[in-house]
1. Could you tell me whether segment 450-526 comes out rounded, prolate or oblate from its Cα gyration tensor? Rule is a ≥ b ≥ c as square roots of the eigenvalues, rounded for a/c under 1.5, then prolate if a/b exceeds b/c, otherwise oblate.
2. Got a sec? What order do 232, 226 fall in by accessible area at 1.4 Å, biggest, i.e. largest, first?
3. Put a dot 7 Å past each Cα toward the Cβ at residue 389 and residue 15; how far apart are the dots in nm?
4. For the pairs 44/178; 114/328; 238/328; 395/426, note any where the Cα-Cα span goes beyond 31 Å.
5. Roll a 1.4 Å probe over the protein heavy atoms and report the accessible area of residue 9 in Å², nearest 10.
6. For residue 441 and residue 405 in the same chain, what is the full-extension length gain: residue separation times 0.36 nm, less their Cα-Cα distance, in nm?
7. For 206, 403, 424, 497, what's the largest-to-smallest order of accessible area, 1.4 Å probe?
8. Efficiency by 1/(1 + (r/R0)^6): what FRET value for residue 507 and residue 49, r their Cβ-Cβ distance, R0 = 30 Å, to the nearest 0.05?
Amino acid sequence: ENRIELEKVKKRRQEREQEREERESLMELEQREREAAQFSQFSKQEDNFQLEQARIRSQIRVEEGRAKPIDLLAQYISSETEKTTSGVLHVHEPYRHLTGLTLNDLEDLMEDIKVYQQLDKDSGHQWYWKDLTIIVLDEIRRLRMRDSAGDAAATCSSQRHGIHSSVAAEVSSLFRNKNVAELCNLQNNIEAKLSGNTAGVDVGYWESLLSQLKAFQARARLRERHRDNLKHKLELLKAEQGVKTDPADSAAGTSGVSSKAAALHGASSSNREMDKKGTGSGDESSCDTDEELARYSSALGQCDQLVTASLTAYTTGRFSPKLMKLDKLEAGTDIVEEDEDLKRLEWMRTTVLREACEGEANRSKGQLTDDEKRLQKEAQKNMAGDEVQFSVEAKLDPQQYLWSDKYRPRKPRYFNRVHTGFEWNKYNQTHYDMDNPPPKIVQGYKFNIFYPDLIEKANTPQYELIRIDEDPDFAMLKFTAGPPYEDIAFKIVDREWEYSYKRGFRCQFHNNIFQLWFHFKRYRYRR
């Protein structure tokens, strides 16, 4: 019985040890999973931080005018997701930024795209970077083939790629200006040709054609996405400006553009044919008599002469942008009618005039704008108890500004303070005390002049101290900035200034506020 009991105890001990080991292994596994999840979260946060830093660096380079191609490409996909028209509107497709890049530039761009592909995983933009990768690799391949040493080497290289240089242009014209659906049909046909009986088929040619087709498909996808984005931006702009769209035009979509172009082209061609014929039957012409037909033909001839003369002047004058024919436009190009453009222009002019009139009315009533209120709030910070507002302007001689015909001159807003206090010299200490203090004297000034609409912000406003001969105890402090602000002056006490920054002197132009703070020197009595 004791032996059996010992066996039972031993067995229970082994079971407890086994349970403890399983529990420890389970806890270790859970701890490892928590650490892996935490590490994954940290890694994701690190990727988001690096992506945000990359976007900030790109934005800085774009604002400073030294943007790289990757900056423009990243800015394009960032602005595509905006729901308003306040952002940057990109007129051209993103792959147009690759034009003119060298082989080294494209290789560097390829590395930058890989970085964005690795960091920008969860934003849904992987299709964008994938298409750009295909296009950049195709451009690199083209440049390497072009830079091959010698014409013979280039010909051999092109033969190795399956397409001779003599038919390369024909192949490019075959794929150009086709939409995604048409290119997909071509891809299916080529794959069917390669998967079937290849007897008598140039496999290398069709395989190379299939590889180039991917680059044209990527361009077509980006082009169609860009067209849809522009259309969406145009609808938002029309909604903001209150321009009503015709339901028939909106229902027609992109096909309406091509139909309008075809109709216009057909009308112009029919007019030219009618002008060439010079005569016509009653059923073919809208004119009832020969005189009306002759007058109509003469008018058409004068219009053709006028158009020819205008085109000649346009060509010789090298005007920009270049004139384009309707049949040369790409499919899906949005065409803005003259009436619609005129309505939008009138709306913009009305908006500008209304804002200008409101601003002028507020200035005449003494009311502050939002920018001026913000600047005044900034200037009122840290106002001491011994400071009071100071607004004694001095009259200046009438001046004529060279820029007055372009900008309307106006006086700047300001918030000035004068610092007053007691001067406890020997005389005041003898005749006055704290209960009966001496008169306060001016000990300094703080001028805050607001220039929120300054045109030339690189030129710092200047000040000038002008002595008054009739009143030697006072002087005139004049401030000059530039368009559209007039000069302004204040009458102050004429004493020697303290130019030490430790004594509170400040002269700076920051956040559209010109600040001039100074105190007067204090002379100590010495025996």
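1. The shape class here is oblate.
2. Result of the area sort, largest leading: 232, 226.
3. Output for this residue pair reads 8.9 nm.
4. Distance filter (> 31 Å) returns 44/178; 114/328; 395/426.
5. For residue 9, the solvent-accessible surface is approximately 60 Å².
6. Difference between extended and current length: 8.5 nm.
7. Sorted by accessible area, descending: 424, 206, 403, 497.
8. Details: r = 40 Å, r/R0 = 1.33.
E between residue 507 and residue 49, to the nearest 0.05, is 0.15.
The values are calculated or read from the model by the stated rules, or taken from the named source; none is laboratory data. In this text the structure is predicted, and so the values were computed from the model without any measurement. All Cβ positions, even for glycine, are placed from backbone atoms using ideal geometry, and neighbour counts span all protein chains on display. For the accessible areas, the whole protein counts, side chains as well, though only heavy atoms, and no ligand, DNA or RNA atoms are used. Shrake-Rupley method; radii C 1.70, N 1.55, O 1.52, S 1.80 Å.
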